[in-house]
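Structure, as structure tokens:
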Amino acid sequence: MGLFGNKKSKKEIISEKLSAKGFKITKELYDGDFLSGTPALYMDDENNKLAVVQSKKSEPLIYDYRDILDFEVMENGSSKQKGHAGSAIVGGLMFGTVGAIAGASRKKKEIPMCKSLSLSIIVNNPDCPRIDIPFITSQVKEDSLLYKTSTQIINQIASELEYMKNKCKSENSAEPLSAADEIKKFKSLLDDGTITQNEFDMKKKQLLGL
């Protein structure tokens, strides 16, 4: 191996940093671009966590799903969409109509321009309440590959963020078991021989507050 044969890749470095914090990458939401300051996003769906990595040298920021309050798409300095990724992102961000350059009369239409496009994730963290992810920072046409690719990625990330929010709501809405239900559960374990009579009695006293 050469002098730089042991040099670790960006993904290896990130994976090691996240693993050290108990974060298991189940999905990469966005690879990011550290040269331009665009963070990378990762999901740990087993532990309901979202990781934001700003650079290879910085420490990852890790949020619980319940910390995700909202997200917002900004185009040309104006808000195009807030939350609710279940519906299509408004305007030209869903590019089914963009690209119809020539109509029946073959008269060219002027293609709208995009000067800036970004996604912001609002989280419950006073030190870093907003995670900004720029996708377009200079003027491009809305029928360009960059614009179409960027809007597609934004829609994918937004859908995953909505999934995280809904998953958290669903889990929080589940009613906790009553003491009686818990006792029945442990009685079943006793009958199956999974726990001893002594263990059952101790748990019963604990649940009844005796």
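The values are calculated or read from the model by the stated rules, or taken from the named source; none is laboratory data. Every value quoted in this text rests on a predicted model; they were computed, and no experiment measured them. Backbone-built Cβ (ideal geometry, glycine too); neighbour counts: all protein chains shown.
Would you check if there is a residue in region 133-150 being exposed (fewer than 15 other Cβ atoms within 10 Å of the Cβ), among the small types (G, A, S), on the phi > 0 side of the Ramachandran plot and not in a helix (DSSP H, G or I)? No: zero hits. Of all residues in region 172-184, those that are over 19 Å from M202 (Cβ atoms) have Cβ atoms under 8 Å from Cβ atoms of residues that are modelled with pLDDT of 70 or more, 6 or more apart or on another chain, in N172/R66.
Take the residues in region 2-16 that are farther than 20 Å from A51 by Cα and of a type outside the set (D, E, K, R), then tell me which one is modelled with the highest pLDDT. By that ranking, first place goes to N6. For region 39-50, indicate whether the set of residues that are under 11 Å from the mean Cα position of the chain (by Cα), within 14 Å of S159 (Cα to Cα) and part of a helix (DSSP H, G or I) is non-empty. Checking region 39-50: not a single residue is under 11 Å from the mean Cα position of the chain (by Cα), within 14 Å of S159 (Cα to Cα) and part of a helix (DSSP H, G or I).
Just one of the numbered conditions (1) closer than 19 Å to I131 by Cα; (2) modelled with pLDDT of 90 or more is not true of S19: (1). All of (1) touching a Ser or Thr at 6+ places or on another chain (Cβ under 6 Å); (2) at pLDDT 90 or above; (3) over 17 Å from S116 (Cα atoms) hold for A51 with one exception: (1).
Residue-by-condition table, conditions (1) assigned by TED's automatic domain parsing to the domain that holds K49; (2) out of contact with any strand residue (DSSP E or B) (no Cβ under 7 Å at 6 or more places or on another chain); (3) charged (D, E, K, R):
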residue: P134; (1), (2), (3): yes, no, no
residue: D143; (1), (2), (3): yes, yes, yes
residue: Y147; (1), (2), (3): yes, no, no
residue: S150; (1), (2), (3): yes, no, no
residue: Q156; (1), (2), (3): yes, yes, no
residue: L189; (1), (2), (3): no, yes, no
residue: T196; (1), (2), (3): no, yes, no
residue: F200; (1), (2), (3): no, yes, no
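Can you pull out every residue in region 179-208 that is among the acidic types (D, E) and more than 39 Å from the chain's Cα centre (by Cα)? Once the filter is applied, which keeps residues that are among the acidic types (D, E) and more than 39 Å from the chain's Cα centre (by Cα), region 179-208 yields D191, D192, E199, D201. Tell me, please, whether a residue that is β-branched (V, I, T) and in contact with a Phe, Trp or Tyr (Cβ under 6 Å, 6 or more places away or on another chain) can be found in region 134-149. Yes, region 134-149 has at least one match.
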